1. Count the net charge of all other residues whose Cβ sits under 11 Å from the Cβ of residue 74, scoring Lys and Arg as +1 and Asp and Glu as -1.
2. Using +1 at the Cβ of each Lys and Arg and -1 at the Cβ of each Asp and Glu in region 90-139, identify which of 110, 124, 91 lies farthest towards the dipole's positive end.
3. In whole angstrom, and with the biggest value first, how far do the Cα coordinates of region 111-206 range along each principal axis?
4. Is there a pair in 99/225; 134/202; 72/134; 99/175 whose C-alpha atoms are over 27 Å apart, and which pairs would that be?
5. For a protection proxy built on the mean count of beta-carbon atoms within 10 angstrom, sort 90-99, 191-200 highest first, please.
6. Suppose all protein chains stay in the model; what accessible area per residue would a 1.4 Å probe give for region 80-239, in Å²?
7. No solvent, one uniform scatterer per C-alpha: report log10 I(q)/I(0) for region 98-152 via the Debye equation at q = 0.14 1/Å, two decimals.
8. Take peptides 28-38, 177-187 and line them up by average Cβ neighbours within 10 Å, highest first, as a rough protection proxy.
Amino acid sequence: MKKIPFILSIFGIIGFIVLQAGNKTTVADANHEIKTLASVLQDENILITGWSVYARETLEEENVDRLVRDLKAQLPNWTWEGSDGEITAVTNSPELQEKIKIVSTDTNGPIQTYVMYEVRGRYWNKNTETFLNKNLPGRIFDIFRGNATTFSCIEGEFNDKIKSALPVYKSKLLKAFKAEEVEGLEEETFISTSAVSPLFDKSLSNEHEMNMQLGLRKTERLGAKTTLVVGTPIITIEY
């Protein structure tokens with residue numbers, strides 16, 4: 001089991017390095033992707049227990065003070081903290097949390113500024129779709145100066161009473177996403193797979209033809225259940 005977090009971290013590191021070089025998507029893509037993930041899982045009678053949209057942009061030449069000042073003016077009710085290279089802002093509501101992080105570094109020469117935004121929700125309902133349709137586009141426009149690289153993830157659990165083996169669930173979900181597996185890891189209580197699905201437009205990169213990841217875990221404590229995380233183009237949360 002100790003090797004699982006290591007392998008997953010390698011997936012994540014590779015993904016971020018590749019995406020840093022290009023393959024940018026728009027907020028419209030993110031909106032489509034998170035809704036597609038939710039629609040497929042709902043069609044499979046999977047209970048959605050959480051979701052997130054993550055966006056990131058690198059600004060090579062940017063006045064950080066001006067950027068922060070502009071964002072504070074646009075988002076006056078957020079809680080702002082930090083200075084000297086790392087600034088965070090957070091706002092919470094009963095159903096979701098939004099966070100902005102601005103990090104500046106000069107370790108590789110010229111100062112680079114990384115702007116990151118994440119929204120996490122606990123439920124999937126009409127309020128979720130209202131936020132995605134009305135609030136998210138404006139938020140991305142306010143925060144980023146260009147096209148941000150975006151990632152979408154959904155967490156869930158099987159609410160049916162059939163106690164199937166994890167490979168059965170994996171095959172069922174890959175079929176639901178019309179996806180073809182590229183690589184994966186299988187253990188008795190855990191499965192992770194990377195795949196290509198025609199439901200999502202872009203691959204990770206020209207060198208890494210994959211646009212979704214799926215993780216499944218079976219737990220026996222506090223009642224047996226199977227949980228999952230699915231993301232495009234990669235999973236960006238711990239599981």
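The values are calculated or read from the model by the stated rules, or taken from the named source; none is laboratory data. Quantities reported herein were computed from a predicted structural model and do not represent experimental measurements. Cβ atoms come from the backbone with ideal geometry, glycine included; neighbour counts cover every protein chain shown. These accessible areas exclude ligands, DNA and RNA; they are computed on the full protein's heavy atoms, side chains included. Shrake-Rupley method; radii C 1.70, N 1.55, O 1.52, S 1.80 Å.
1. +1
2. 124
3. 46, 36, 25 Å, listed from the longest principal axis down.
4. From the list (99/225; 134/202; 72/134; 99/175), the Cα-Cα distance tops 27 Å for 99/225; 99/175.
5. Values: 90-99: 14.2, 191-200: 19.7.
In descending order of packing, they fall as 191-200, 90-99.
6. The answer is 54 Å² per residue.
7. Evaluating at q = 0.14 Å⁻¹ gives log10 I(q)/I(0) of -0.48.
8. Numbers: 28-38: 20.1, 177-187: 15.3.
Going from most to least packed, we get 28-38, 177-187.
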